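Beneath this line is the structure, given in C-alpha cells, with notes to follow.
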Amino acid sequence: MDWRQVLDQRNLQIDVFADETWIGKQEFLGIGCLYVPSAEKEKCTRTLFDSRCLKNDHSQWVSSFSECPVGKSCSAERHAQDDAVIHFNEILANKSRAKVQIAKRWLNYFKSSRSPLFFKLILLDLQKLSRDKFGDEQVWGNIYNRFFRSNLIFSLKSFFHANQRPVDIQRVYQHRNTMLESHNYFPLQNLHKLEDQGIRGLVVRDYLVRFISDNHRAISSVEEKGDSQLFQLTDLLIGTSCQVIFNTSQDTAKLHIAQEIRPLVVNQSKFRKFHASLFPKNSICLSQNIIGTIEEEIHHNNQFTTQFAIRMPEYKSNFLDLTRLGTKDK
Ligand SMILES: [Zn+2]
C-alpha cells in the first residue's frame, strides 16, 4: 500500500512511534513522531530488516549469521555490521560504512511513494519559551508532554484529516526514557488528554503508551524487535532533519546521509508525508497567566512556523566515496 492509498482507507488505524532529541546545550528540544498504518506495520518492519543485507536482494533477513540466507558470500563480520543498531549520532565516516548504506536505503524507502509512513518533527526553541512556567517539578517532562500532543494533533488533522473522517490511534510507542517513564502523564493520561482536544473523527483504541528499546539486539520478543526498527528509523529522521536545519556535525558520513532528507526539509509543501516546524516564532512574553497564554498561542497555531534557516549547505553525494568509509562498526 502506498501512502496515498493509506489516506483512502475507510477505517484508518495508526500506530505512533515517538522519540526526542536535544540540540546544542539544551537550546532546542526536538520531538519526532513516525506514523505507521497498523495494518502495514509488519510489512514496513520486514522492509527495514531486509534492507540491512547489502549483499543481495532477498526477503529473509535474520539477525543470526548461521541462518544468513546469502550463505557463503556473507561473513560473520559482514553480517554483524549489517545487523548494527542505527543511531544517527553514532554514524561516523571512519567506521560506519554499513550503517551509511543502510541509513540511505531506509531514507529512500521512507521518501518513496511505496512507503505508507508519515513523519512530523516539532522543534522547540527553549530560549524563547519560559520553561519555568511549565511547573516546578518534572519541567522537561511537562514540556515534552505538551508538545508531544501537539505533534499528534497536527498530524491527525493535517496528514490524516481526522476532523473530516474517522481515524483510530491503535497504539503509541515511546522510546525508552526514564524521565518520561516516571512522568505522571505516562503511561495512561496523555492519550486521555489527547481525546479532550475535540478532534471529531479521533478514537483512541489503547491508552497505554508502551516504552520500548530501540536496540533490537538486546530484545528477545519478535514483535518488539520489529518495533525497534521503526524506532531506529524515527531516530534517523530526527537526526538527519536536525543535521539539515542546524548543521550539527561536519562528519562526512552524516552530511552524506542528511542530504537524502534535505529536499524534504527545504521544500516541505511538495512532500505531504513529512513536516517539520519550529515553536515559538517569537518569544512567548511573560504574563500573569503564562500557561493560559501558551495554551492560547498553541491553540491558534500562530506561533508554529516552517520558516526557519537551513544551516547545512547542499552536500553533493559524489563528494563521498563510500568504499573509503571505515568498517569498524559491529
Ligand atoms: Zn549475511
Please list, by residue number, everything in the range 205-222 whose backbone N is under 20 Å from a paramagnetic label point 7 Å out along Cα→Cβ of residue 178. 210-215, 218-219
Max mean-square fluctuation residue, GNM over the chain, Cα-Cα springs under 10 Å, options 235, 15, 251: 251
For residue 87, which sequence-distant residues (separation of 5 or more, or a different chain) have an amide H within less than 5 Å of its own amide H, given hydrogens modelled in the peptide plane? none
Using θ = phi - 60° and Karplus 6.51 cos²θ - 1.76 cosθ + 1.60, couplings along the range 222-233 (whole Hz; Gly, Pro as x): 4, 5, 5, 4, x, 4, 5, 5, 5, 5, 5, 5
Debye log10 I(q)/I(0) at q = 0.16, 0.20, 0.22 Å⁻¹ for the range 149-199, Cα point scatterers: -0.52, -0.76, -0.87
If we count other beta carbons within 10 Å of each Cβ, what is the order of 53, 33, 74, fewest first? 74, 53, 33
Label-to-label distance, nm, for residues given as residue 250 and residue 314 (7 Å Cα→Cβ offset): 2.2 nm
Förster-model FRET efficiency, 25 Å R0, residue 4 and residue 46, C-beta, rounded to 0.05: 0.75
In nm, what is the difference between 0.36 nm times the number of residues separating residue 324 and residue 204 and their Cα-Cα distance? 38.3 nm
For residue 193 and residue 62, calculate 0.36 nm times their separation in residues minus their Cα-Cα distance, and state this gained length in nm to one decimal. 43.2 nm
Taking r as the C-beta separation of residue 136 and residue 75 and R0 as 45 Å, the FRET efficiency to the nearest 0.05 is 0.20
Which whole-number percent of Cα pairs in the range 93-194 have a distance greater than 16 Å? 70 percent
Karplus-derived 3J(HN,Hα) from phi for the range 109-125 (6.51 cos²θ - 1.76 cosθ + 1.60, θ = phi - 60°), whole Hz, x at Gly and Pro, runs 5, 4, 6, 5, 5, 6, 8, x, 9, 10, 9, 10, 10, 10, 9, 9, 7
Radius 9 Å from Cβ of residue 326, net charge of other residues (Lys, Arg +1; Asp, Glu -1): +3
Picking from 82, 50, 136, which is most flexible by a Gaussian network model of the chain using Cα springs under 10 Å? 136
I need the per residue convex hull volume for the range 23-157, using only the alpha carbons, in cubic angstrom as a whole number. 159 Å³
Within 10 Å of each residue's Cβ, count the other Cβ atoms and sort 266, 85 from fewest upward. 266, 85
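Which of the trypsin sites (Lys or Arg not before Pro) across the range 1-60 are loop residues per DSSP, with 12 or fewer other Cβ within 10 Å?
Hits after loop and neighbour filter: 10, 25.
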Considering all projection directions equally, how large on average is the shadow of the alpha-carbon convex hull of the range 3-324, in square nanometres? 16.7 nm²
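Values in this text are rule-based calculations from the coordinates and carry no lab data. Everything numeric here is computed off the predicted structure, so don't read it as measured data. Cβ sites come from the backbone with ideal geometry, for glycine too, and all protein chains shown count toward neighbours.
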